[in-house]
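J.: Pasting a structure below so you can have a look.
The values are calculated or read from the model by the stated rules, or taken from the named source; none is laboratory data. Quantities reported herein were computed from a predicted structural model and do not represent experimental measurements. Here the Cβ positions follow ideal geometry from the backbone for every residue, glycine too, while neighbour counts run over all protein chains shown. Side chains are part of the model used for accessible areas, which takes the heavy atoms of the whole protein and leaves out ligands, DNA and RNA. Shrake-Rupley method; radii C 1.70, N 1.55, O 1.52, S 1.80 Å.
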Amino acid sequence: MSKFPLSTIRHSAAHVLAQSVKILFDDVKLAIGPAIEDGFYYDFECKQPITESDLVNIEKEMKRIINEGQEFKQYNLDSNEANKLFEKHNENYKTEIINELNVNEVSIYENGPFIDLCKGPHVEKTNQIGAFKLLRISGAYWRGSEKNTMLQRIYGTAFHSPKELKKYLLQLEEAKKRDHRKIGKELQLFSLKEDIGGGLVLWHPKGAAIRQVIEDHWRAEHQKNGYQ
């Protein structure tokens, strides 16, 4: 068992993900890449669309970096110097973050040729990351605002051991089987069509009948308890 908590392993994996994308794709700009409850993600601005089929090659590059055992090195840098560093690499999202922090120094992490603005923590070397898997790609607006640039977000997860990772991936597969969107379609209860409206339910006769029964029961219970 690794001595590092899962959040540290996953945050480190996010850095390796960003490093791999920078190697494999041209004109990539880095946004943010935190650890989250079930894994990690990293947001990118990339002229070339990253597709689900690209995840295999990205994983392959990540494994190469992990096997190299690159050391994670942390150092503090004067904010003005850090701005110059990231401007040199055309990383405007990093300079925006530095300017918003409004501090004299910022924390930089380096592993191999890759550098990132980050307060950490990380594992000591990339080969301590453990078992990982890239899961999916989605879009995400910078700062969560539709007024900003649409970025490409790659999600992944990481665990201490392959056994733990396998267990989690099996849980994801079981959840997919029970997904209401899949079951609703199979039972001919409703349809979902993105070109009509994201998340808009188009009720079929069977689904409408079930919905009516539920709503009638719900109204009766509320009236019985004095709700209007």
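J.: Over all distinct alpha-carbon pairs, what is the Kirkwood Rh of the range 1-59 in angstrom?
T.: 12.2 Å
J.: Which GluC sites (Glu not before Pro) in the range 41-143 sit in a loop by DSSP (not H, G, I, E or B) and have at most 16 other Cβ atoms within 10 Å of their own Cβ?
T.: E124
J.: Sort D195, D179, D38 by accessible area with a 1.4 Å probe, largest first.
T.: D195, D38, D179
J.: Distance between Cα centroids, the range 156-218 to the range 69-119: provide it in whole Å.
T.: The distance from the Cα centre of the range 156-218 to that of the range 69-119 comes to 42 Å.
J.: Something else about it: Computed over the Cα atoms, what is the radius of gyration of the range 132-228 divided by 2.2 N^0.38 Å, N being its residue count?
T.: That works out to 1.60 for the range 132-228.
J.: Among K94/K193; K94/K182; K63/K94; K147/K167, which pairs are too far apart, with a Cα-Cα distance over 30 Å?
T.: Violating the 30 Å Cα-Cα cut-off are K94/K193; K94/K182; K147/K167.
J.: A further question follows. Too long at a 25 Å Cα-Cα cut-off: which of K73/K166; K84/K125; K29/K166; K177/K206; K22/K119; K29/K133?
T.: Violating the 25 Å limit, Cα to Cα: K73/K166; K84/K125; K29/K166.
J.: Normalised radius of gyration for the chain, please: alpha carbon Rg relative to 2.2 N^0.38 Å, two decimal places.
T.: 1.30
J.: Among the trypsin sites (Lys or Arg not before Pro) within the range 175-228, which fall in a DSSP loop and have no more than 16 other Cβ atoms within 10 Å of their own Cβ?
T.: Here the sparse-neighbourhood loop sites are R178, K193.
J.: Additional query: Using only Cα atoms, figure out Rg for the range 100-171 and give it as a multiple of 2.2 N^0.38 Å.
T.: Normalised by 2.2 N^0.38 Å, the Cα Rg of the range 100-171 equals 1.46.
J.: Consider a paramagnetic label point 7 Å from the Cα of D78 along Cα→Cβ; state which residues of the range 94-115 have an amide N under 14 Å from it.
T.: Residues 104-106 qualify, since their backbone N sits under 14 Å from the label point.
J.: Right, next: Are there any GluC sites (Glu not before Pro) in the range 126-195 that are in a DSSP loop and have at most 10 other Cβ atoms within 10 Å? List them by number.
T.: Of the GluC sites (Glu not before Pro), the ones in loops of the range 126-195 whose Cβ has at most 10 other Cβ atoms within 10 Å are E146, E194.
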